Amino acid sequence: MEGKCVGEGCQLYFKKRSGNKNRSARNVNSPQYKWLLDTLVQQGLMSAKEQALICQKCYMKYLRNKNQPEPEPEQNQEIEEEDDSPSHILPLLTLHDLLNGSSSHKKCCLCLVTFAINGTKSSVLPKRARHHLIYSHKLWCPTSSRVCSIHLIGNDLDPSTEVVLDGRGSLESQLPSKSSEIINDLLEVSHVLSQNQSAFAISFSSLDDSACMAWTGWSKDQFLEIHSHCSPYLSSGIYTKTTHDALLLFWVKLKTDISWSQCSSLFGISKSSVSKTFHSIVQALDTSIVPQFLGPDHLTREQLLGHNTVFSEAFFGDKATAILDGTYIYIQKSSNHKLQRMSYCGQKKRNYLKFMSIALPDGYILDTVGPFTGSENDATITKKVMDKLVTWLQPDDNVVVDRGFRDVLPVLEASGLNASMPSYLKPGQSQHSDVQANLDRTITKSRWIVESYHGRLKHWTFFRTQLVSNSFINVIEALLRTVTACLNGIRGPIYQRSPERDAKDRLMAERMKDRLTTPNGLAQRVKTDPDLSRRARSEFVKMDASSVLFPRLDLDYLRTITCGTYQISLAPGYIAEHLSDDGDYEVWLYQHSPDLLRCQIHSRHKSQTKYNVWIRFTVSPDDEAPIKDYYCQCPVGERTMGMCAHISSILYYLGYYRALENPRPLQPQVKKFRQNLK
């Protein structure tokens, strides 16, 4: 006996074997498979008298459905029916609501466009798409209906397809001639819906914009743009209803890092299908999006220079500037001894893989290179990627790095590149000079962008989880490069230029350059005048901040004087620690001059270290620059181009926060926790 498998959607064909039966085929008409025959007849896949075969895979699928537990007693069903939660109620389908679709072979049954006039290719409307139209658009189409090929993605409707419903007749009028076909379709749709009901079911079509952002990290428009890039590569290995749902599965996994079992429950497919779909999407995105938006060949020299910012041009010139930094992906311990030794870092006492990010000044990522093992530091990795750097950059271009790259600076300079790195304190030195601290600020003003990219990347929980499963080691490079390429191509650079922003940044850059060599006069005064030192307590009077006459400062002035926002963002933490239990903020005023105060701020890094801060100010309302001088004993406290976070926290509290009418409590949860500690 030969023929096609009768299972739904199966394309397997059994060939006749001489003198032997098809061992993989089962005769549906055998008495022991009567239950299967009844099921297939009910689904409209065959008639009761028809001879048919079914393959082992399809047989097991029907057998699993047969062995599912029986529905709960009617009493429980009634209780469920009383629950009016949207996740428990399906819309009631009636013949009166359904519209009749066209069965013509000359025009599309969805958009009603004539194929010959429009010149589009047509296809028979697949069964799954016909069933989808019934419960999504209340439109019934005959089995012979044809549709424009562009409306289909495999056997499913493209979610962006607009179905024309105006002018269609009621399905009730077609009952005399098509009743059997209509009833079979409705029965099959109701069966599928009843099997797939789940309080946790998710699909792309059911998500609004905010839900899509929460589950995937992208808005719906951004998600569709990603899908448009990779859809030509999604022809196989997809086990979800639509390719949109397959892409959704990929991003949900990265965004939430839930297990395969949880994904299986969420999408209504088996764990093996979830895994296969995920890896198919990985391959499709790595083939389609990554080459377009990441790597050495996707930017020209002119495009590379176009990613400079006002600050990079002001401090490093109009040459190309690359910012290097590494990021970690922590992984599980490995039973492979060699991999365990290679991935283990003795300094961090953990196993991880490392990737080197090469960013441009506006946050656009030129490339992400890796993975490298945990035993390799930034300098060692940079030596390995020097060939790529020399390919991208030209002599006299700039490379900005952090202090972990100090061993590779000679290699960078030998290649003709200008390497910039914040300085180290020399032996016996506790503080940078004012000029050196200012030079370091020009570097950090541009280098922060690569740290921001790493934070942006780790919005996807998969990359910041405590331990990434070792089963992902072979694809972790593709995953990280895919997310980076999507950030480049879909969201664009972190630093978005505009005429207004460029004008403001240009003013700040000029102010910073003007103060580059400005000495810190107050620092010299504190160091030479014994009355101002921290030991001269008798010269200062302890006061409550509420009793101190201090100029009011707005946020714009604070951003200007700090040369950015980072130091301001740290202020609440310092203020909350400095406040007493009674809410007092203690400062010391100089007895001989009421325009000079001193304050002691605890270091956030060292538990036994406190820094003294001096601030000279004026309370004259006509003075546009009320803060005259400042000095802190921390390593960068002599800086005059901006200031350290200790100084900015005092200015923020005295000049801005305490003047607010309804100030927001500073870290109330932490304060309550500290009070409850035994």
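Looking only at residues that are crowded, with 17+ Cβ neighbours inside 10 Å and more than 20 Å from T216 (Cα to Cα) in the range 452-486, which one is modelled with the lowest pLDDT?
N470
Looking at D387, is it on the phi < 0 side of the Ramachandran plot, surrounded by 15 or more Cβ atoms within 10 Å (Cβ to Cβ) and of a type in the set (D, E)?
no
For the range 334-345, give me each residue that is of a type in the set (D, E, K, R) and surrounded by 13 or more Cβ atoms within 10 Å (Cβ to Cβ).
R341
I'm trying to understand the selection: among the residues of the range 280-301, which are modelled with pLDDT of 85 or more, exposed (fewer than 15 other Cβ atoms within 10 Å of the Cβ) and within 17 Å of E477 (Cα to Cα)?
Within the range 280-301, T287, P291, Q292 meet the criteria.
Among (1) part of a helix (DSSP H, G or I); (2) over 30 Å from R447 (Cα atoms); (3) small (G, A, S), where does A503 come up short?
Going through (1) part of a helix (DSSP H, G or I); (2) over 30 Å from R447 (Cα atoms); (3) small (G, A, S) one by one, A503 breaks only (2).
So for the range 469-486 (the condition being of a type in the set (F, W, Y), without any contact (Cβ under 8 Å) to a residue 60 or more places away in the chain, assigned to a helix (DSSP H, G or I) and over 30 Å from K628 (Cβ atoms)), does at least one residue qualify?
Scanning the range 469-486, I find at least one residue that is of a type in the set (F, W, Y), without any contact (Cβ under 8 Å) to a residue 60 or more places away in the chain, assigned to a helix (DSSP H, G or I) and over 30 Å from K628 (Cβ atoms), so the answer is yes.
So in the range 15-46, with the set limited to residues that are surrounded by fewer than 11 Cβ atoms within 10 Å (Cβ to Cβ) and part of a loop (DSSP other than H, G, I, E, B), which one is modelled with the highest pLDDT?
Filtering first and then ranking leaves S30.
To keep it simple, each residue is scored yes or no on (1) buried (at least 18 other Cβ atoms within 10 Å of the Cβ); (2) at pLDDT below 80; (3) assigned by the TED database to the domain that holds R501; (4) more than 18 Å from Q303 (Cβ to Cβ).
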position	(1), (2), (3), (4)
G326	yes, no, yes, yes
I331	yes, no, yes, yes
Q347	no, yes, yes, yes
R350	no, no, yes, yes
A359	yes, no, yes, no
F372	yes, no, yes, yes
T382	yes, no, yes, yes
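For S430, indicate whether it is in the same structural domain as V310 (by the TED database), among the small types (G, A, S) and buried (at least 16 other Cβ atoms within 10 Å of the Cβ).
No, not satisfied.
Which condition from (1) at pLDDT 80 or above; (2) touching a strand residue (DSSP E or B) at 6+ places or on another chain (Cβ under 7 Å) is the one that D185 breaks?
(1)
Of the residues that sit in the range 257-274 and are surrounded by 16 or more Cβ atoms within 10 Å (Cβ to Cβ) and touching a Cys at 6+ places or on another chain (Cβ under 9 Å), which one is farthest from D221 (Cα to Cα)?
Among them, the one singled out is I269.
Answer yes or no as to whether L249 is at pLDDT 85 or above and either part of a helix (DSSP H, G or I) or under 30 Å from S47 (Cβ atoms) (or both).
Here the answer is yes, as L249 does meet what is asked.
Output the number of the condition that P395 fails; it satisfies all remaining conditions of (1) out of contact with any Leu (no Cβ under 8 Å at 6 or more places or on another chain); (2) assigned to a loop (DSSP other than H, G, I, E, B).
The one condition P395 does not meet is (1).
When S102 is evaluated against the numbered criteria (1) surrounded by fewer than 16 Cβ atoms within 10 Å (Cβ to Cβ); (2) of a type in the set (S, T, N, Q); (3) part of a loop (DSSP other than H, G, I, E, B), which criterion, by number, is the only one it fails?
Looking at each condition in turn, S102 falls short on (1).
Within the range 295-343, which residues are over 25 Å from K458 (Cβ atoms) and assigned to a loop (DSSP other than H, G, I, E, B)?
Residues satisfying the conditions are D297, T300, G306, N308, G317, D318, K319, A320, S335, N336.
I'd like to know if the range 101-115 contains one or more residues that are aromatic (F, W, Y) and at pLDDT 80 or above.
Yes.
Got a sec? Which of Y344, Y328 is aromatic (F, W, Y), in contact with a Cys (Cβ under 9 Å, 6 or more places away or on another chain) and touching a residue at least 12 places away in the same chain (Cβ under 8 Å)?
Going through Y344, Y328 in turn, the sole match is Y328.
Can you list the strands (runs of 3 or more DSSP E) lying wholly within the range 567-628 that have 1 or more residues being of a type in the set (S, T, N, Q), closer than 14 Å to C644 by Cα and not assigned by the TED database to the domain that holds K445?
In the range 567-628, 596-602, 610-617 are the strands (runs of 3 or more DSSP E) which contain 1 or more residues that are of a type in the set (S, T, N, Q), closer than 14 Å to C644 by Cα and not assigned by the TED database to the domain that holds K445.
For a quick check of your reading of the model, give me the residue pairs whose first member lies in the range 257-274 and is more than 22 Å from T461 (Cα to Cα) and free of Cβ contacts under 8 Å to residues at least 40 places away in the same chain, whose second is among the β-branched types (V, I, T) and surrounded by 15 or more Cβ atoms within 10 Å (Cβ to Cβ), with beta-carbon atoms closer than 7 Å and at least 6 apart or on different chains.
Pairs found: I269/T240.
Report every pair of residues separated by at least 6 positions or lying on different chains whose Cβ atoms are under 7 Å apart, first residue within the range 643-666 and more than 22 Å from R598 (Cα to Cα), second in a helix (DSSP H, G or I).
P663/Y657; L666/P572; L666/I575; L666/A576
Say we look at the range 503-518 and pick out the residues that are loosely packed, with under 13 Cβ neighbours inside 10 Å and either without any contact (Cβ under 8 Å) to a residue 60 or more places away in the chain or not polar (S, T, N, Q) (or both); which of these is farthest from D362 (Cα to Cα)?
So, considering only residues that are loosely packed, with under 13 Cβ neighbours inside 10 Å and either without any contact (Cβ under 8 Å) to a residue 60 or more places away in the chain or not polar (S, T, N, Q) (or both), the one farthest from D362 (Cα to Cα) is D514.
For the subset of the range 240-256 comprising residues that are under 16 Å from K220 (Cβ atoms) and hydroxyl-bearing (S, T, Y), which member is farthest from the chain's Cα centre (by Cα)?
Taking the candidates together, the pick is T242.
Which residue pairs have Cβ atoms under 7 Å apart, sit 6 or more places apart or on different chains, and have a first residue in the range 290-302 that is within 21 Å of M386 (Cα to Cα) and a second that is basic (K, R) and surrounded by 13 or more Cβ atoms within 10 Å (Cβ to Cβ)?
Going by the 7 Å Cβ cut-off, the qualifying pairs are L294/R481; P296/K388.
The values are calculated or read from the model by the stated rules, or taken from the named source; none is laboratory data. This one's a predicted model, so the numbers in the text were calculated from it and none came from an experiment. Note: ideal-geometry Cβ built from the backbone for every residue, glycine included; neighbour counts use all protein chains shown.
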